[in-house]
């Protein structure tokens, strides 16, 4: 089963990327860094001339599992991920065939914060979005980096999350 990790961080090589590298050992998923693409905000007039539709086509054409990886910024997902999620609405309005192809795909979410505080509501927008889109939400993990290192406790969480993704539970 092929998968892709969508990274939405303001630093391509930051802490979220470190955790992605660890997660991807054994998964060998594709990696897509949203920072490298021109993706504009949702526009009700649908007048964006950017990379979003091409990125979405790559996702649905080549992958069955989508792992969204985001740093925790002010208790929520990064702006890059928020814009990406908002733009999926376009697939439901202007490119319905593309939007329909999200149905049945699997979604998981990796969050990377600066501490071990996980808020129970943090992952709810992802769960609800997956449900709305007809995707299988297979799980999430809260991680963090301390002193530029992944702690053993976090490493265990990453390993358990990798297993969850590989087993395809939902």
Inset, instruction - Determine, yes or no, whether residue 139 is assigned to a loop (DSSP other than H, G, I, E, B), in contact with a strand residue (DSSP E or B) (Cβ under 8 Å, 6 or more places away or on another chain), within 30 Å of residue 57 (Cβ to Cβ) and touching a residue at least 24 places away in the same chain (Cβ under 8 Å). - result: no
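Let's see how each residue does on (1) in contact (Cβ under 8 Å) with a residue 24 or more places away in the chain; (2) in contact with a helix residue (DSSP H, G or I) (Cβ under 9 Å, 6 or more places away or on another chain):
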| site | (1), (2) |
| --- | --- |
| 10 | yes, yes |
| 21 | no, no |
| 24 | no, yes |
| 98 | yes, yes |
Inset, instruction - Determine whether the stretch 41-63 contains at least one residue that is within 28 Å of residue 119 (Cβ to Cβ), buried (at least 20 other Cβ atoms within 10 Å of the Cβ) and touching a helix residue (DSSP H, G or I) at 6+ places or on another chain (Cβ under 8 Å). - result: no
Inset, instruction - Go through the residues of the stretch 149-167 one by one and say whether even a single one is at pLDDT below 95, exposed (fewer than 14 other Cβ atoms within 10 Å of the Cβ) and under 27 Å from residue 37 (Cα atoms). - result: no
Inset, instruction - Mind listing just one residue for me: the one in the stretch 115-125 that is farther than 21 Å from residue 15 by Cα and either touching a strand residue (DSSP E or B) at 6+ places or on another chain (Cβ under 6 Å) or at pLDDT 95 or above (or both) and, of those, surrounded by the most Cβ atoms within 10 Å (Cβ to Cβ)? - result: 125
Inset, instruction - Determine whether residue 72 is over 11 Å from the mean Cα position of the chain (by Cα), more than 21 Å from residue 129 (Cβ to Cβ), buried (at least 19 other Cβ atoms within 10 Å of the Cβ) and touching a residue at least 12 places away in the same chain (Cβ under 8 Å). - result: no
Legend entry - Condition check for residue 15: closer than 16 Å to residue 158 by Cα and touching a residue at least 60 places away in the same chain (Cβ under 8 Å): yes
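The values are calculated or read from the model by the stated rules, or taken from the named source; none is laboratory data. Predicted, not measured: the structure shown is a model, and the values here were computed from it. Note: ideal-geometry Cβ built from the backbone for every residue, glycine included; neighbour counts use all protein chains shown.
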